[in-house]
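**Q** Sharing a structure with you now.
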């Protein structure tokens, strides 16, 4: 099945039009005409081989919302014309203990990414910077939002990346929850934690983000470079979600946790954080943890939760032809808060070809 997309051919070249073949629709498959695809920082890391694992050509994109075009004979949960989503995974072994528990993101054989192939090596996969995708029905998600589908797309990565740890560490109404960083992940963390009933405190190095954080649902904003503001919150947090993807000192935030509380990291820096001061952990039995995305069942739960609470991402829509400029702006944090590609713009390249 001929497919048009945008690909990087090597780490130093911009993304450009690229034609490739999708597989034919099998008995368990769903074919989706892609309407919108969110732009994740992981897309940039992969396109430029910053994690040293890129399979080229690379067609990024794992925040996909589109319309079902065809279904296989064994598919009953989706029908032609449905709005459906695809997130970060398109397959897993389906047999290991993690998969059996619905935690495909921790598949012990390595899940297959929507782009860049299986985690531990194998045939390349091509993502959502394209006009269609064919995915096993087990990895296709129902979209229950009734509109604004472009702003739903980032929920498939940014939404679940923040929802999963908030659920895992059992955030409850009245809990005091910190969110570190107000970017693509952080703004979703603020919205979701607030919808869960938490008292949300946003930590930022930028005082000019205060107004936006309050608009998104934060009850308080702390400038993390201000020691007095930080000290006022010592030993008071039930949970901290740290979304920052750059190396930074974690000790200042660990000291804000209550006894037995946890700070979870979801940002993936390109070099390690400085090691935390161990006594801060030992003397309060605090925990420093990490979290990936969510499994398919939890991702569906997140989508339904967000639909019920009217939550979508704050986005800036771009044509696919603007993806390279969007990457440069993303590096400067010059977006509020997630780029989304209008895939109808691919028709301009198809017409030119």
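The values are calculated or read from the model by the stated rules, or taken from the named source; none is laboratory data. Keep in mind that what you see is a predicted model, and the values were worked out from it rather than measured. Virtual Cβ from ideal backbone geometry, glycine too; neighbours counted across all protein chains shown.
**Q** State all residues of segment 297-325 that are in contact with a strand residue (DSSP E or B) (Cβ under 9 Å, 6 or more places away or on another chain) and either without any contact (Cβ under 8 Å) to a residue 24 or more places away in the chain or surrounded by 21 or more Cβ atoms within 10 Å (Cβ to Cβ) (or both); if no residue qualifies, say none. Spell out the reasoning first.
**A** From segment 297-325, those in contact with a strand residue (DSSP E or B) (Cβ under 9 Å, 6 or more places away or on another chain) are 299-300, 303-304, 313-325; that's our starting set.
Once the filter is applied, which keeps residues that are in contact with a strand residue (DSSP E or B) (Cβ under 9 Å, 6 or more places away or on another chain) and either without any contact (Cβ under 8 Å) to a residue 24 or more places away in the chain or surrounded by 21 or more Cβ atoms within 10 Å (Cβ to Cβ) (or both), segment 297-325 yields 299, 303, 313, 315, 320, 322, 323, 325.
**Q** Restricting attention to segment 32-71, and to residues there that are touching a strand residue (DSSP E or B) at 6+ places or on another chain (Cβ under 6 Å) and assigned to a loop (DSSP other than H, G, I, E, B), which single residue is farthest from residue 120 (Cα to Cα)?
**A** Checked segment 32-71; the qualifying residue farthest from residue 120 (Cα to Cα) is 39.
**Q** If you scan segment 185-197, which residues turn out to be in a loop (DSSP other than H, G, I, E, B) and in contact with a helix residue (DSSP H, G or I) (Cβ under 8 Å, 6 or more places away or on another chain)?
**A** 196
**Q** Got at least one residue in segment 236-257 being exposed (fewer than 12 other Cβ atoms within 10 Å of the Cβ) and either touching a helix residue (DSSP H, G or I) at 6+ places or on another chain (Cβ under 9 Å) or modelled with pLDDT of 95 or more (or both)?
**A** Among the residues of segment 236-257, not one is exposed (fewer than 12 other Cβ atoms within 10 Å of the Cβ) and either touching a helix residue (DSSP H, G or I) at 6+ places or on another chain (Cβ under 9 Å) or modelled with pLDDT of 95 or more (or both), which makes the answer no.
**Q** Looking for something outside the structural domain of residue 114 (by TED's automatic domain parsing), at pLDDT below 95 and within 30 Å of residue 90 (Cα to Cα) - is there at least one such residue anywhere in segment 285-308?
**A** no
**Q** Next question. Only residues that are modelled with pLDDT under 95 and either assigned to a loop (DSSP other than H, G, I, E, B) or over 19 Å from the mean Cα position of the chain (by Cα) (or both): list them for segment 322-333, please.
**A** Matches in segment 322-333: 332, 333.
**Q** Let me ask something else about it. So in segment 12-22, with the set limited to residues that are in a loop (DSSP other than H, G, I, E, B) and more than 22 Å from the chain's Cα centre (by Cα), which one is farthest from residue 81 (Cα to Cα)?
**A** 12
**Q** Oh, and also: Within segment 23-34, which residues are surrounded by fewer than 18 Cβ atoms within 10 Å (Cβ to Cβ) and under 24 Å from the mean Cα position of the chain (by Cα)?
**A** The one that is surrounded by fewer than 18 Cβ atoms within 10 Å (Cβ to Cβ) and under 24 Å from the mean Cα position of the chain (by Cα): 33.
**Q** Quick one: which residue in 182, 166 is under 18 Å from the mean Cα position of the chain (by Cα), assigned by TED's automatic domain parsing to the domain that holds residue 252 and assigned to a loop (DSSP other than H, G, I, E, B)?
**A** Sole residue among the options that is under 18 Å from the mean Cα position of the chain (by Cα), assigned by TED's automatic domain parsing to the domain that holds residue 252 and assigned to a loop (DSSP other than H, G, I, E, B): 182.
**Q** Moving to a separate point now. Please go through segment 199-234 and give me each residue that is surrounded by 18 or more Cβ atoms within 10 Å (Cβ to Cβ), touching a strand residue (DSSP E or B) at 6+ places or on another chain (Cβ under 6 Å) and assigned to a helix (DSSP H, G or I), ordered by number.
**A** Hit for segment 199-234 is 213, nothing else.
**Q** Looking only at segment 167-190, count every residue that is surrounded by fewer than 24 Cβ atoms within 10 Å (Cβ to Cβ) and on the phi < 0 side of the Ramachandran plot and tell me the total.
**A** Residues that pass the stated criteria total 9.
**Q** Just the residues that are closer than 17 Å to residue 184 by Cα, assigned to a loop (DSSP other than H, G, I, E, B) and in contact with a strand residue (DSSP E or B) (Cβ under 8 Å, 6 or more places away or on another chain), please, taken from segment 235-253.
**A** 243, 244
**Q** Also, I was wondering about something else. Scan segment 19-35 and report the pairs whose first residue is within 27 Å of residue 154 (Cβ to Cβ) and whose second residue is in a loop (DSSP other than H, G, I, E, B) and at pLDDT below 95, with Cβ atoms within less than 6 Å and a gap of 6+ or a chain change.
**A** Listed pairs, sorted by first residue: 22/1.
**Q** Within segment 278-296, count every residue that is free of Cβ contacts under 8 Å to residues at least 40 places away in the same chain and at negative phi.
**A** 10
**Q** Counting just the residues of segment 277-292 that are more than 30 Å from residue 87 (Cα to Cα) and part of a loop (DSSP other than H, G, I, E, B), which one comes out nearest to the chain's Cα centre (by Cα)?
**A** 286
This table checks each residue for (1) assigned to a loop (DSSP other than H, G, I, E, B); (2) buried (at least 19 other Cβ atoms within 10 Å of the Cβ); (3) in the same structural domain as residue 18 (by TED's automatic domain parsing); (4) in contact (Cβ under 8 Å) with a residue 40 or more places away in the chain.
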site	(1), (2), (3), (4)
73	yes, no, yes, yes
76	yes, no, yes, no
94	yes, no, yes, yes
105	no, yes, yes, yes
109	yes, no, yes, no
116	yes, yes, yes, yes
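**Q** Quick one: residue 260 ticks every box in (1) at pLDDT 95 or above; (2) surrounded by fewer than 20 Cβ atoms within 10 Å (Cβ to Cβ); (3) part of a loop (DSSP other than H, G, I, E, B) bar one, so which box is it?
**A** Going through (1) at pLDDT 95 or above; (2) surrounded by fewer than 20 Cβ atoms within 10 Å (Cβ to Cβ); (3) part of a loop (DSSP other than H, G, I, E, B) one by one, residue 260 breaks only (3).
**Q** Next question, about the same structure. Give segment 118-137 a look and list any residue that's over 28 Å from residue 314 (Cα atoms) and touching a residue at least 60 places away in the same chain (Cβ under 8 Å), or say none.
**A** If the condition is that a residue be over 28 Å from residue 314 (Cα atoms) and touching a residue at least 60 places away in the same chain (Cβ under 8 Å), then 124, 136, 137 are the ones that fit.
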